[in-house]
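Shown next, in structure tokens, is the structure this report addresses.
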Amino acid sequence: MIKINNLCKSFGKNHVLKGVDILIPEGNITAVLGPNGSGKTTILKILLGLVKPDKGNVFWKQRITHGDYSYRNKIGYLPQIARFPENLRVRELFSMIQDIRQQPSDLEPLLDAFKLRPLLNDRLRHLSGGTRQKINTVLTFMFDNDLFILDEPTAGLDPVAMIQLREIIARKQKEGKTILFTTHIMSLVQEMAQQIIFLLDGRIYFQGSVQELQKLHGEHNVERAIARILEVNEHEGVLDSVQPTASTL
């Protein structure tokens, strides 16, 4: 279980997170949603230990993560944009990551799932953005992690690769793994998310199930419910005084 308590973070005068409380159950698929600048990426980076909060704590399996980053050995991270050393061959990249992690990997079946085997001797600088994202996806899921953090995981993927990604996420969840992802693809949220966390202006506006979100706003799908949230906030400016949530942390 991951618990985030009163998380605050500012960059200069920009207050990105304003007392965020989140509970992510173990074995749960959680979608973190919100418009650009709402604080989604900052939360992910704090979970990864890449950014230190100004205030508040993150608990991983009931232990505070600050000062002890060994928990990161059990996280698979898929960034939105894959950046690799351009001169490496695909095979060399996988080998390098395996040497760093020193853990058993599921590389071989993932290579077949994303049809990367014919490209193993290609240099990374010659590959398209979509192919790099497939490689990035394989790197994320090739180790037996407890938590997978996926930042816009479908970016650049073709339809076949997106189906493979969905199947992997579903399989990992059945294995008891925890998946946390951000996306602008609402069909992915509708299909896979068991919990939605919606951020606005650095605060939690909603945390609950897909069904609870739809019921709260009287809509039949996630996309329309999210559009309704943004529409109400834009026209009424009620965020600072009213923060609807389906559950109390």
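Miscellaneous remarks
- Residue that is surrounded by the fewest Cβ atoms within 10 Å (Cβ to Cβ), among those in the stretch 73-88 that are in contact with a Leu (Cβ under 8 Å, 6 or more places away or on another chain) and either in contact (Cβ under 8 Å) with a residue 60 or more places away in the chain or farther than 27 Å from Thr154 by Cα (or both): Lys74
- Test result for Tyr71, under 24 Å from Asp144 (Cβ atoms), assigned to a helix (DSSP H, G or I) and touching a strand residue (DSSP E or B) at 6+ places or on another chain (Cβ under 6 Å): yes
- Hey, Thr154 closer than 20 Å to Pro104 by Cβ and of a type outside the set (Phe, Trp, Tyr) or not: no
- Considering (1) within 30 Å of Thr42 (Cβ to Cβ); (2) touching a helix residue (DSSP H, G or I) at 6+ places or on another chain (Cβ under 7 Å); (3) of a type in the set (S, T, N, Q), the lone condition that Ser128 does not fulfil carries the number (2).
- Complete set of residues in the stretch 132-154 that are assigned to a helix (DSSP H, G or I), under 16 Å from Leu180 (Cα atoms) and among the polar types (S, T, N, Q): Thr137, Thr140
- Pair list, Cβ under 8 Å, 6 or more apart: the stretch 49-72 residue more than 20 Å from Ser10 (Cα to Cα), other residue among the β-branched types (Val, Ile, Thr) and part of a strand (DSSP E or B): Phe59/Ile2; Phe59/Ile4; Trp60/Ile2; Ile64/Val58
- For Leu188, the stated conditions hold: it is in contact (Cβ under 8 Å) with a residue 12 or more places away in the chain, of a type in the set (A, V, I, L, M, F, W, C) and in contact with a Pro (Cβ under 9 Å, 6 or more places away or on another chain).
- Residue under evaluation Phe94, criteria (1) closer than 25 Å to Arg203 by Cβ; (2) crowded, with 19+ Cβ neighbours inside 10 Å, criterion not met: (1)
- Hey, Ser10 at negative phi, part of a strand (DSSP E or B), of a type in the set (Gly, Ala, Ser) and over 17 Å from the mean Cα position of the chain (by Cα) or not: yes
- Condition check for Gly156: within 27 Å of Gly37 (Cα to Cα) and not hydroxyl-bearing (Ser, Thr, Tyr): yes
- Only residues that are assigned to a helix (DSSP H, G or I), over 23 Å from Pro159 (Cβ atoms) and either in contact (Cβ under 8 Å) with a residue 12 or more places away in the chain or in contact with a Gly (Cβ under 7 Å, 6 or more places away or on another chain) (or both) were counted in the stretch 99-128, giving 4.
- Given (1) under 28 Å from Thr30 (Cα atoms); (2) outside any helix (DSSP H, G or I); (3) acidic (Asp, Glu), index of the condition Glu86 fails: (1)
Here, each number is a calculation from the coordinates, and none is a lab measurement. If you're wondering where the values come from, they're calculated on a predicted model, not measured in any experiment. Reconstructed Cβ throughout: ideal geometry from the backbone, glycine too, with neighbour counts over all protein chains shown.
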